[in-house]
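Chemist: Take this structure, written in structure tokens, and hold onto it; I'll ask about it next.
Each value in this text was obtained by applying a stated rule to the coordinates, not by laboratory testing. Please read these numbers as outputs of a predicted model, since none were measured by experiment. Positions of Cβ are generated from backbone atoms using ideal geometry, with glycine treated the same way; all protein chains shown enter the neighbour counts.
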Ligand code: FCB
């Protein structure tokens, strides 16, 4: 059984959220529209037809949420800053009201001994920038660097841990290839251009934060999945190489080793475009980091096609098959594989063995029911226990793992699933905004207090 004593005393224990998923108040205090405001309004994009207009009303209830975190016993909180609160149309000076909100949040956290980890981009691009090409335009990368510098200048006295991007794979391949996320485009392999500009933007952001705040700890968060071939056949091995390539190596390698994997550029058919990019890009993207954030949810067991269903999120490899191996799944349909967390941490670690690692997201959706003031979510508790156990295993193997953040604090707007998927340690009644700590949250508290969970 895993206990807090299996971890170093200075280990970061946190929860993670993202601005559009929790804040609401989408048109208050000078916040401009984001691509998610626009996308959620298009018919058929969000499973329950909802938007993030109100979400958890965290913008007004952040003090209550910080108290809930303190009650959980965590010592870190990963949240994201909404770019359109800082620059309504993606440029110009910082909006004092937007900065003010994040200052108050950071102060409230620090008062409770909770270290803020701020993500600068968790998918809510200012809509004005999308209208100028979004991440398909190189200019967006430059703008992102400017925005990062502004925020570090304004908030860097309070916030010392920065994450530039959250999951650029989702922003590029779900946003521009699958079309299931904002901005909802289906452009096939051109999505890789968006990925490149996101990565150039992340490099500019690292440089801009360091210029303002030389002492800051800066990292980027990638969503890695554990990929295995269904069989040892050449065809299935090739399918696994492709999925691992697009999902993991296409981001790990440029950031940590300064080059794109040539086999993935082949799969995408994008060698020429990449060869035509400015030669300095590789060094910008590979700007040295203080840590890597890893979001881990599942393992994919893959086989050669043809797939019954086309995987648009893997351009050039759409016909790979992702198999149902019979593994237990969460409500998202994601197969549970705690040892896969060790796999992906080891994979990242091989590129830069001295780089600190954080699990910046991990968690599970289940159809929770609030009854008599309680939420009995044993499957989530077990999921968390198994994955925290995997973190202990990673430490046992000598990996430099420094923290673990549960996705998520409060049930919230789960992107294309709207409010139909609950990931929180805390249940939210969306009518009354009443929060109720679930059994999994109570379990985390007892784990963190050092007692027997
Ligand atoms: C991740 C996202 C996060 C949340 C979880 C379930 O991909 O970063 O915002 O939606 O999935």
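Chemist: Arrange 13, 407, 123 by Cβ neighbour counts within 10 Å, fewest through most, would you?
Modeler: Exposure proxy ranking, most exposed first: 13, 407, 123.
Chemist: Measuring from centroid to centroid over Cα atoms, what is the spacing of segment 12-75 and segment 128-186 in Å?
Modeler: Here the answer is 17 Å between Cα centres.
Chemist: How large is log10 I(q)/I(0) at q = 0.13, 0.18, 0.21 Å⁻¹ when the Debye formula is applied to the Cα atoms of segment 270-369, each weighted equally and without solvent?
Modeler: -0.75, -1.11, -1.15
Chemist: Quick check: from the Cα gyration tensor, does segment 292-333 come out rounded (a/c under 1.5), prolate or oblate?
Modeler: oblate
Chemist: Find the eigenvalues of the gyration tensor of the Cα atoms of the chain, then list the square roots of 5 times those eigenvalues as equivalent ellipsoid semi-axes, largest first, in whole angstrom.
Modeler: So the equivalent ellipsoid measures 30, 27, 22 Å along its semi-axes.
Chemist: Antiparallel versus total DSSP beta bridges in segment 229-378: what percent is that, nearest 5?
Modeler: The antiparallel fraction comes to roughly 45 percent.
Chemist: Something else about it: Let me make sure I get this right: for segment 195-337, a, b and c are the square roots of the gyration tensor eigenvalues over alpha carbons, sorted descending. Under 1.5 in a/c it's rounded, otherwise prolate if a/b > b/c, else oblate. Which is it?
Modeler: In terms of gyration-tensor shape, oblate.
Chemist: Now for a different question. Would you work out if segment 88-147 is rounded, prolate or oblate? Take a ≥ b ≥ c from the square roots of the eigenvalues of the alpha-carbon gyration tensor; rounded if a/c is under 1.5, else prolate when a/b is larger than b/c, oblate otherwise.
Modeler: Note, shape of segment 88-147 comes out prolate.
Chemist: Right, next: Quick one: give the max-minus-min coordinate of the C-alpha atoms of segment 6-149 along each principal axis, largest first, in Å.
Modeler: 47, 36, 32
Chemist: Turning to a different aspect of this structure: What is the fewest-to-most order of 26, 360 by other Cβ atoms lying within 10 Å of their Cβ?
Modeler: 26, 360
Chemist: Relative contact order (percent) for segment 273-346, with alpha-carbon contacts under 8 angstrom and 6 or more residues of separation?
Modeler: Answer for segment 273-346 is 29 percent.
Chemist: Which semi-axes, in whole Å and largest first, does the equivalent ellipsoid of segment 346-453 have when worked out from the alpha carbon gyration tensor as the square roots of 5 times its eigenvalues?
Modeler: In descending order, the three semi-axes are 29, 17, 10 Å.
Chemist: Same structure again: Residue 262 versus residue 63, label points 7 Å from Cα toward the beta carbon: distance in nm?
Modeler: 6.1
Chemist: Give me the Debye-computed log₁₀ of I(q)/I(0) at q = 0.17, 0.22, 0.28 Å⁻¹ for segment 204-243, equal point scatterers on Cα only, no solvent, two decimals.
Modeler: -0.57, -0.70, -0.90
Chemist: May I ask you to derive the relative contact order of the chain, considering only C-alpha pairs under 8 Å and at least 6 residues apart, and to give it as an integer percent?
Modeler: 18
Chemist: Now for a different question. Taking the beta-carbon count within 10 Å as an exposure proxy, list 410, 45, 432 from fewest neighbours to most.
Modeler: Final ranking by Cβ density, sparse to dense: 432, 45, 410.
Chemist: Something else now. Nearest 5 is fine: what % of DSSP beta bridges in the chain come out antiparallel, could you say?
Modeler: Roughly 20 percent of the beta bridges in the chain run antiparallel, per DSSP.
Chemist: Report the full-extension gain for the segment residue 146 to residue 10: residue separation times 0.36 nm, less the Cα-Cα distance, to one decimal in nm.
Modeler: Gain in length upon complete extension: 45.7 nm.
Chemist: Moving on to the next point. Counting only DSSP beta bridges with both residues in segment 339-453, what percent are antiparallel, rounded to the nearest 5?
Modeler: Around 60 percent antiparallel, to the nearest 5.
Chemist: For labels at residue 231 and residue 324 in the simple 7 Å Cα→Cβ model, what's the distance in nm?
Modeler: In this crude label model, residue 231 to residue 324 measures out at 2.0 nm.
Chemist: Calculate, in nm to one decimal, what residue 382 and residue 53 gain on full extension: separation in residues at 0.36 nm each, minus their alpha carbon distance.
Modeler: Value of the extension gain: 115.2 nm.
Chemist: Can you give the helix-only mean residue ellipticity at 222 nm for the chain, where every DSSP H stretch with n ≥ 4 adds -39500 (n - 2.57) and the sum goes over all residues, rounded to the nearest 500 deg cm²/dmol?
Modeler: Computed mean residue ellipticity for the chain: -11000 deg cm²/dmol.
Chemist: Mean separation of Cα pairs under 8 Å and 6+ residues apart, divided by the residue count of segment 233-380: what relative contact order is that in percent?
Modeler: Averaging sequence separation for qualifying contacts and normalising by length gives 25 percent for segment 233-380.
Chemist: Hey, another quick one. Between residue 276 and residue 334, what is the label-to-label distance in nm when each label sits 7 Å out along the Cα-to-Cβ direction?
Modeler: 3.7
Chemist: Based on the Kirkwood radius over alpha-carbon pairs, what is the Stokes-Einstein translational diffusion coefficient of segment 9-75 at 4 °C with 1.567 mPa s viscosity, in µm²/s?
Modeler: Here the translational diffusion coefficient equals 94 µm²/s.
Chemist: Starting from the alpha-carbon convex hull of segment 151-218, give the projected area averaged over all orientations, in nm².
Modeler: Orientation-averaged projected area of the Cα hull: 4.6 nm².
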